[in-house]
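As structure tokens, the structure follows; a few thoughts come after it.
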Amino acid sequence: MSESADVVIIGGGIVGSSIAWHLTEGGCNNVLVIERETQQGKGSTGKSMGGVRAQFATEVNIRMSLYSIPFFRTFDERMDYPSGYRGQGYLFVASSERHIEYLRANFERQVALGLKTVQLLAADDVIRMVPQLRPDDIVGASFCSTDGFVDPYSVMNGFMLRASDRGARLWRGVEVIGIDLDASGVAGVRTTNGDVTTRTVVNAAGAWAAHIGKLAAVDLPVEPLRRMLVPTEPFNKISQKSPMVIDMATGFHFRPEGLGLLMAWNDPNETPGYKTNFDPAFIEKILTRAVSRVPCLEEVEVNPRRAWAGLYEMTPDHHCIIGLAPAVGGFYLANGFSGHGVMHSPATGRITADLILKGKSDIVDTNAIGIERFAQGRLLEESVVL
Ligand SMILES: Cc1cc2nc3c(=O)[nH]c(=O)nc-3n(C[C@H](O)[C@H](O)[C@H](O)COP(=O)(O)OP(=O)(O)OC[C@H]3O[C@@H](n4cnc5c(N)ncnc54)[C@H](O)[C@@H]3O)c2cc1C
């Protein structure tokens with residue numbers, strides 16, 4: 001006899017796990033999560049920098065954070081599992097009037113949507129907050145105290161464990177290799193562990209989402225893009241209480257991690273593809289930007305063997321795709337987070353569960369994040385992509 005489930009979720013990363021929990025929260029417990037790796041978190045979730053922020057430019061991203069960050073703040077109590085949330089803030093450091101105008105416009109939008117913890121800072125306040133910054137060209141900043149970091153692996157485990165307590169199942173080491181369709185849409189999935197009958201499938205396959213889309217004849221504009229992170233050796237010249245600091249002049253950013261720092265920079269020459277090797281040449285590129293804004297980083301030590309790379313899952317407008325695929329009944333998408341899938345995992349779980357169980361969600365305008373926007377030319381442009 002073949003297996004069956006009310007909902008099958010393909011991909012057991014942070015997004016699939018959050019969707020599973022939110023479905024059980026809505027009363028749907030016959031959920032099966034299928035993960036091809038023998039352990040969860042081997043996709044992008046385990047590679048993430050763990051940053052969470054509400055300082056975005058678009059209403060959709062701000063609203064998703066307004067659901068997600070309070071969720072992280074109360075995660076430990078609610079899930080009886082640690083999220084690792086540290087509300088140390090994100091500091092966007094401006095070094096031109098153009099940056100300031102841009103931060104002010106975003107600030108006004110964020111406040112209008114209900115964010116209470118964001119403020120614009122004068123140059124002196126910025127230096128007081130992070131005295132190690134090179135001050136000569138700094139003209140101000142935007143700071144939000146409830147932005148910060150989480151432990152993505154722990155959040156994923158917490159979601160999956162609590163979903164399992166309510167009956168959700170997780171298959172590990174099992175790959176989805178086909179999706180069966182009939183006249184009403186999805187009829188089941190084929191896996192390396194046999195067939196599963198279901199009328200509802202969620203694509204939560206991260207950077208591999210387009211392959212899963214193809215199995216259901218859905219063309220998904222989601223491309224993998226390598227992203228590299230460089231941890232430093234222990235470094236005591238910058239406080240462990242420091243916020244995530246973003247130098248808007250170059251895009252270089254860093255946050256405290258362990259006894260050192262975790263550094264990131266978006267290399268504009270990176271090209272799409274499934275590249276997950278760390279390129280040692282990146283170290284010089286990132287350190288050049290790092291030292292330019294934070295001169296004391298000249299003394300920092302870096303061990304290239306501790307650096308790593310993972311995949312962003314990019315869409316043409318840097319926004320997620322959530323909702324029903326229009327041509328295939330029962331095939332839901334939760335894809336294309338463009339580097340924001342950890343921070344938006346709570347909202348994504350809630351929106352996807354709402355759409356499956358109630359056909360609508362009040363967290364965001366779901367019409368804006370549906371896949372139809374690409375064919376209809378309704379692209380959303382998020383310019384605060386790190
Ligand atoms: C270096 C780096 C830094 C990042 N920093 C941040 C950050 O600071 N903040 C933030 O919010 N986001 C960040 N991100 C992005 C974030 O990690 C992702 O958006 C998020 O993890 C996506 O979660 P997911 O569950 O959709 O994908 P994944 O974690 O990749 O999970 C998808 C799963 O699907 C499985 N799968 C694929 N195909 C199949 C199949 N056929 N059958 C069964 N299983 C399958 C994969 O094995 C994988 O485990 C970062 C990403 C990287 C790489």
Q) When the residues of the range 263-303 are filtered to those that are within 16 Å of VAL230 (Cα to Cα) and in contact with an Asp or Glu (Cβ under 6 Å, 6 or more places away or on another chain), which remaining residue is surrounded by the fewest Cβ atoms within 10 Å (Cβ to Cβ)? A) GLU301
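Here's the yes/no breakdown for (1) away from the ligand (no atom under 11 Å from the Cβ); (2) polar (S, T, N, Q); (3) at positive phi; (4) without any contact (Cβ under 8 Å) to a residue 60 or more places away in the chain:
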site	(1), (2), (3), (4)
SER18	no, yes, no, no
TRP21	yes, no, no, no
GLY51	no, no, no, no
PHE56	yes, no, no, no
GLN88	yes, yes, no, no
PHE92	yes, no, no, no
ILE100	yes, no, no, yes
Q | Single residue of the range 335-368 satisfying the filter (hydrophobic (A, V, I, L, M, F, W, C) and surrounded by fewer than 24 Cβ atoms within 10 Å (Cβ to Cβ)) that is farthest from ALA57 (Cα to Cα) | A | LEU357
Q. Hey, which of the strands (runs of 3 or more DSSP E) in the range 150-200, taking only ones fully inside, have at least 3 residues that are within 10 Å of the ligand (Cβ to nearest atom), on the phi < 0 side of the Ramachandran plot and in contact with a strand residue (DSSP E or B) (Cβ under 7 Å, 6 or more places away or on another chain)?
A. 176-182
Q) Given (1) farther than 26 Å from HIS99 by Cβ; (2) assigned to a helix (DSSP H, G or I); (3) out of contact with any strand residue (DSSP E or B) (no Cβ under 6 Å at 6 or more places or on another chain); (4) among the β-branched types (Val, Ile, Thr), where does ILE212 come up short, assuming only one miss? A) (3)
Q. With respect to the numbered conditions (1) more than 16 Å from the ligand (Cβ to nearest atom); (2) part of a loop (DSSP other than H, G, I, E, B); (3) touching a strand residue (DSSP E or B) at 6+ places or on another chain (Cβ under 9 Å); (4) not hydrophobic (A, V, I, L, M, F, W, C), which one is the sole condition not fulfilled by THR146?
A. (1)
Q) Taking the condition touching a residue at least 40 places away in the same chain (Cβ under 8 Å), of a type in the set (Asp, Glu) and either farther than 23 Å from VAL364 by Cα or out of contact with any Pro (no Cβ under 9 Å at 6 or more places or on another chain) (or both), does GLU77 pass? A) no
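Residue by residue, here is whether (1) within 18 Å of LEU357 (Cβ to Cβ); (2) touching a residue at least 24 places away in the same chain (Cβ under 8 Å); (3) crowded, with 20+ Cβ neighbours inside 10 Å; (4) among the acidic types (Asp, Glu) holds:
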{"residue": "LEU161", "(1), (2), (3), (4)": "no, yes, no, no"}
{"residue": "GLU175", "(1), (2), (3), (4)": "no, yes, no, yes"}
{"residue": "ASP180", "(1), (2), (3), (4)": "no, no, no, yes"}
{"residue": "VAL186", "(1), (2), (3), (4)": "yes, yes, yes, no"}
{"residue": "GLY206", "(1), (2), (3), (4)": "no, yes, yes, no"}
Q) How many residues are under 17 Å from the mean Cα position of the chain (by Cα) and more than 12 Å from LEU333 (Cα to Cα) if we restrict to the range 209-243? A) 7
Q: Sort out which residues of the range 22-69 are touching a Leu at 6+ places or on another chain (Cβ under 7 Å) and under 29 Å from PHE143 (Cβ atoms), and write them in order of number.
A: SER44, MET49, ALA54, THR58, GLU59, VAL60, ILE62, ARG63, LEU66
Q: Kindly check whether there is at least one residue in the range 297-307 that is within 11 Å of the ligand (Cβ to nearest atom), at negative phi and over 19 Å from the mean Cα position of the chain (by Cα).
A: yes
Q: Tell me, yes or no, whether the range 215-223 has at least one residue that is touching a residue at least 12 places away in the same chain (Cβ under 8 Å), surrounded by fewer than 23 Cβ atoms within 10 Å (Cβ to Cβ), in contact with a strand residue (DSSP E or B) (Cβ under 7 Å, 6 or more places away or on another chain) and among the charged types (D, E, K, R).
A: yes
Q | Failed item in (1) modelled with pLDDT of 95 or more; (2) surrounded by fewer than 24 Cβ atoms within 10 Å (Cβ to Cβ), with PRO326 passing the rest | A | (1)
Q) What is the residue count in the range 211-239 for residues that are more than 14 Å from the ligand (Cβ to nearest atom) and farther than 23 Å from ASP317 by Cα? A) 8
Q: Kindly indicate the residue of the range 330-353 that is in contact with an Asp or Glu (Cβ under 9 Å, 6 or more places away or on another chain) and small (Gly, Ala, Ser) and also farthest from the ligand (Cβ to nearest atom) among those meeting that condition.
A: ALA353
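The values are calculated or read from the model by the stated rules, or taken from the named source; none is laboratory data. Everything numeric here is computed off the predicted structure, so don't read it as measured data. Ideal geometry is used to build each Cβ from the backbone, glycine not excepted, and the neighbour counts take in all protein chains shown.
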